[in-house]
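Here's the structure, in structure tokens; my notes come after.
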């Protein structure tokens, strides 16, 4: 079976914002499987903010993506051929399979998934890495008590929407920050947040103040910049800030914290984290999240484009805040 | 016994830097003691950076000092008259007695001190609040392991000098940041730090990089601003930053953190703290510190001016970094 694999590689590193010419679509024949390997046909690719960081060649938590290599990323896929005892053709799986039609794996980091109660694509979002990210930051860093106020930026996104819903389930007041009235309305009406502040309305601090009459006890940071400054000014004593992302600064522009003295005066805890460094907690988190999805207690929204060749535009749109919900690329 | 008490009150709030006319020296007769009270003659006043925060009328961890009230502050004092069963004339004590010749107390928060092994003034510094501050931030937030690198700003000061010495006793590399070659030399030669970087030399980041070849695992922040930015850039993954003070911003000027994204990329813990909120740990800390002083394992330096009327200038000098070691005012 000599088939052609289409794949998107990193062609050049971004100078500032990501552009389409940072990527290149290649074709290559599929190699024979070795013993212990299996091949998957990718069906949906996950597009996530962390990918921007991998495209830089700077000191960060992950090694940079090498030029010429297939763009990294998770996918939900179907096993199409196997010389591995643990995987059989027809199995639904999720793993880090990259931006390509087919991937070869030895099974490390691959998880079989079941679409009986949870749709396959949810394993890339609410019941996958983004969901675990929300679960970890909220429960292990913010650790809110009922009645406290939790704020999350990028509230309509794959992570933010889960943070707010889990906060509500914990008895908290959940307040989102999102861009534009449509996203804000959705965050309140579909995800059940108590309020959502539109940072594009130009009145972020005052609007956030109105939405957090009792101050803020926990902040889940996906964005940085103005959202962080505004929320810092609303923090209550002993507040916790989980720093999950600073998408505002991913292109290299400065995003200073203007009043870090609030960390001292309010005795705040600020903790950066990377969810893949806490794999021991994933089974618990994934189990909780899948159950909540199956029970319809956790809702999610997806933004799906079709065609492998559109993955670069999907990432560029995500980084510009143009997506609405979990960004996926359907390729088969 | 109708005596006159001299006292320094807060006359006005600073507009930016503290000036002498923010204070006023008053005189008033001493009132009779009530049952359960005792009177102390203050001997040494402690001058500390936190006092600057109390002079503002802004939301912070402590209620602002009221205009017209005696300036707050700790002192070591002698009981001169007592209607309290627990205190007798001649007792040496330390407490929050304020900037005045005499104070009246009901004993709350007052501790008897013994100068057999530890000099009285040390109870205002290395074996008092500043020492406990260093102990708490180092052991409870930074929690360094032997072989790690700990950096502290304001390294020649009452808190910073203890941080570095405790870090050395824990088997760490201790690196100070201080202002000027004289302070830096003292930090290395007298306090035993491995290195000290002079921020006034104009090359802070490069000099700090040279002094921290293995990066920085723990940072004890007393200053903020440039010191924080430079040290952030040197942090290792999972580093801890104890935020004890941001003296650089106490007058209201902005001291932004330029690259907060490092908190994420290095998965840092940043924790603000106020030592008086952890009183349960003071007995352990004070015992440890007094023992180390008595054993000559913990050294300290004092800067003493004489005369109650010079307390304002002592605070102004401290806030400008002109003191060298623990700042005290001897008044009797």
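The values are calculated or read from the model by the stated rules, or taken from the named source; none is laboratory data. Values in this document were obtained by computation on a predicted structure and should not be read as measured data. Reconstructed Cβ throughout: ideal geometry from the backbone, glycine too, with neighbour counts over all protein chains shown.
Among the residues of the stretch B:228-266, those identified as at the interface with chain A (Cβ under 9 Å from one of its Cβ atoms), in contact (Cβ under 8 Å) with a residue 24 or more places away in the chain, assigned to a loop (DSSP other than H, G, I, E, B) and surrounded by fewer than 19 Cβ atoms within 10 Å (Cβ to Cβ) are B:258, B:259.
Summed over the stretch B:131-164, the residues that are part of a helix (DSSP H, G or I), farther than 12 Å from residue B:299 by Cα and touching a helix residue (DSSP H, G or I) at 6+ places or on another chain (Cβ under 6 Å) give a count of 6. Checking each residue in the stretch A:267-280 for being in a loop (DSSP other than H, G, I, E, B) and more than 7 Å from chain B (Cβ to nearest Cβ) picks out only A:278. Listed by position, the strands (runs of 3 or more DSSP E) contained in the stretch B:165-221 that have at least 1 residues being without any contact (Cβ under 8 Å) to a residue 24 or more places away in the chain are B:195-198. Within the stretch B:101-130, the residues that satisfy the criterion of being part of a helix (DSSP H, G or I) and crowded, with 24+ Cβ neighbours inside 10 Å are B:123, B:124, B:130.
Might you check whether a residue that is in contact (Cβ under 8 Å) with a residue 24 or more places away in the chain and either within 12 Å of chain B (Cβ to nearest Cβ) or part of a strand (DSSP E or B) (or both) occurs anywhere in the stretch A:281-297? Within the stretch A:281-297 (the criterion being in contact (Cβ under 8 Å) with a residue 24 or more places away in the chain and either within 12 Å of chain B (Cβ to nearest Cβ) or part of a strand (DSSP E or B) (or both)), the answer is no, since none of the residues qualifies. Quick one: would you say residue B:133 is within 12 Å of the chain's Cα centre (by Cα) and buried (at least 21 other Cβ atoms within 10 Å of the Cβ)? Considered against the rule, which asks whether it is within 12 Å of the chain's Cα centre (by Cα) and buried (at least 21 other Cβ atoms within 10 Å of the Cβ), residue B:133 comes out as yes. Of the residues in the stretch A:213-224, at least one is more than 21 Å from residue B:268 (Cα to Cα), away from chain B (no Cβ under 12 Å) and surrounded by fewer than 23 Cβ atoms within 10 Å (Cβ to Cβ). Restricting the first member to the stretch B:56-71 and to residues that are on the phi < 0 side of the Ramachandran plot and facing another protein chain (nearest Cβ under 9 Å), and the second to residues that are modelled with pLDDT of 75 or more and part of a loop (DSSP other than H, G, I, E, B), the beta-carbon pairs closer than 7 Å and six or more apart or on different chains are B:61/A:267; B:61/B:274. Put simply, of B:25, B:67, B:33 the only residue that is in the same structural domain as residue B:319 (by TED's automatic domain parsing) and assigned to a strand (DSSP E or B) is B:25.
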